[in-house]
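Engineer: The structure's right below; bear with me while I get my questions together.
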């Protein structure tokens, strides 16, 4: 619950700070992004302008990264309470999703030292993103979607959790394509 509330606060700040750096500024050219980001940036200005844009973004990345271990631990706790006979789809979904949930935090741990002295859009950060975070996110998306379907089939409650997991890919598409930042696409998963 605490991680979900933290995600609601940190994720929009991460996205807004991303739009302030050179790599993210072009996202504001998209109408759907600027429709929400411009008014939000005006209201949250002090949380985005306390330092240089690169430093602000590099600060919110580790805060966002803390959500991944919390999500991983929550998923492990839920999995430990599920019966092992919940079906083949659910067993494999858990395996794939937990692999992805475990790989993502290791990517953030690897990128943290690069953020201290380098630009958040630099080669070191982008390399770690491609090598660890992208595969972790891909495994997470596949496993999460499969897990949502399996949980719905097995009548898991609360149903909202299963639906949020099942819709992981559409949420990611909206987060990246419409709202302009990958973190916003992951927000429903942290809430689940």
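Engineer: Considering only segment 129-155, state which residues are farther than 30 Å from residue 112 by Cβ, surrounded by fewer than 21 Cβ atoms within 10 Å (Cβ to Cβ) and in contact (Cβ under 8 Å) with a residue 24 or more places away in the chain.
Structural biologist: Those that are farther than 30 Å from residue 112 by Cβ, surrounded by fewer than 21 Cβ atoms within 10 Å (Cβ to Cβ) and in contact (Cβ under 8 Å) with a residue 24 or more places away in the chain: 149, 153, 154.
Engineer: Please verify whether residue 167 is under 21 Å from residue 187 (Cβ atoms) and in contact with a helix residue (DSSP H, G or I) (Cβ under 6 Å, 6 or more places away or on another chain), treating the condition exactly as stated.
Structural biologist: No: the conditions fail for residue 167.
Engineer: When you scan segment 1-43 for helices (runs of 4 or more DSSP H) that lie fully inside it, which ones turn up with 3 or more residues that are within 18 Å of the chain's Cα centre (by Cα) and modelled with pLDDT of 90 or more?
Structural biologist: Those helices (runs of 4 or more DSSP H) span 2-18.
Engineer: How many residues are assigned to a helix (DSSP H, G or I), without any contact (Cβ under 8 Å) to a residue 60 or more places away in the chain and more than 20 Å from residue 4 (Cβ to Cβ) when one looks only at segment 44-68?
Structural biologist: 7
Engineer: For the structure I just gave you, tell me whether residue 89 is more than 19 Å from the chain's Cα centre (by Cα), farther than 26 Å from residue 23 by Cα and not in a loop (DSSP other than H, G, I, E, B).
Structural biologist: Judged against the criteria, residue 89 is a match.
Engineer: Given the criterion outside any helix (DSSP H, G or I) and without any contact (Cβ under 8 Å) to a residue 24 or more places away in the chain, identify the matching residue among 83, 114. Don't jump to the end; show me each part of the working.
Structural biologist: Numbers: 114 fails: outside any helix (DSSP H, G or I).
Just one listed residue meets the conditions, 83.
Engineer: Related question: Can you find a residue that is touching a residue at least 60 places away in the same chain (Cβ under 8 Å), farther than 22 Å from residue 30 by Cβ and surrounded by fewer than 20 Cβ atoms within 10 Å (Cβ to Cβ) anywhere in segment 162-178?
Structural biologist: No.
The values are calculated or read from the model by the stated rules, or taken from the named source; none is laboratory data. What you see is a predicted model, and the numbers here were worked out from it, not measured in a lab. Cβ coordinates were reconstructed from backbone atoms using ideal geometry, including for glycine residues, and neighbour counts include every protein chain displayed.
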